Amino acid sequence: SQYEPGTEAARVRALLAHRVAGVIIVPSFDPTEALAATQAAGVPAVIVDRPFVAGRFDQVTFDNAAAMAEATEALLARGHRRIAYIARRPQLIVTRQRIEAFRKAMASVPESEAIVRESGDDEAAYIAAVAALVAGPDAPTALIASNSLIALWTVRAFRRHGIAFPDDVSLLAFDEPDWADIVEPRLSVVRHPVREIARTAWRILIDRIGGASG
């Protein structure tokens, strides 16, 4: 749905029209309409990855705040005091959770500065912005990329502008890109438990389809 609630609702209704037995949804910014249609149809659904506060459906995610706190604390322990978090979709609840945890962890260390930037959707503009950020007088010594795509754009920005990591700036990426193991030096990652989330979501959905409650 590209995060678009209207598109999401239309696609969910199309699925429901085919009398599907259940739905797994990675929600948009506001899945209210899609979830209302699913509930009205009496079809079991499981929300994955991005928790949604309102609603009566099962949800499977992981503790984004704890993961970000641990990642930030690890960078602080290595002496970094100016750290930037690059987020692609600040409106998403998981991103908001990460930003809050990032700022809280940074605030616990004197003379540290938390920098939050939005990547946007234009790769060329992002590459230029990252190069300017890293080359500035108050440049961060570490960057945290919010997902695999932002990590890829960041690596491209570094190579295009002759920025070495981790010598010039450290780079840590959420998710584990498929290409992470072929980058030299190796990319540091916060692994997203995709398989575990998928297995759990599938098991819960099958139970719901079979009539399980609770």
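Restricting attention to the stretch 19-50, the residues that are within 17 Å of residue 93 (Cα to Cα), part of a loop (DSSP other than H, G, I, E, B) and open to solvent by less than 60 Å² (accessible area, probe 1.4 Å) total 5. For the stretch 73-117, residues that are of a type in the set (Asp, Glu) and farther than 22 Å from residue 61 by Cβ total 2. Residues in the stretch 109-140 that are out of contact with any helix residue (DSSP H, G or I) (no Cβ under 9 Å at 6 or more places or on another chain) and part of a helix (DSSP H, G or I): 124, 125, 132, 133, 135.
Looking at residue 133, is it open to solvent by 40 Å² or more (accessible area, probe 1.4 Å) and over 13 Å from residue 75 (Cβ atoms)? So residue 133 does not fit the description; no. The residues listed here are 209, 182; of these, the one that is more than 25 Å from residue 62 (Cα to Cα) and open to solvent by 60 Å² or more (accessible area, probe 1.4 Å) is 182.
On the stretch given as the stretch 66-88, residues that are surrounded by 18 or more Cβ atoms within 10 Å (Cβ to Cβ) and touching a helix residue (DSSP H, G or I) at 6+ places or on another chain (Cβ under 6 Å) total 8. Residues that are part of a loop (DSSP other than H, G, I, E, B) and open to solvent by less than 60 Å² (accessible area, probe 1.4 Å) within the stretch 142-164 comprise 146, 147, 163, 164, listed in sequence order. Whether any residue in the stretch 100-108 is farther than 30 Å from residue 5 by Cβ, open to solvent by less than 40 Å² (accessible area, probe 1.4 Å) and assigned to a helix (DSSP H, G or I) is what I want to check. Yes, the stretch 100-108 has at least one match.
The values are calculated or read from the model by the stated rules, or taken from the named source; none is laboratory data. Since the model is a prediction, treat every value here as computed from it, not as a measurement. Cβ sites come from the backbone with ideal geometry, for glycine too, and all protein chains shown count toward neighbours. Note: areas computed on protein heavy atoms with side chains; ligands, DNA, RNA excluded. Shrake-Rupley method; radii C 1.70, N 1.55, O 1.52, S 1.80 Å.
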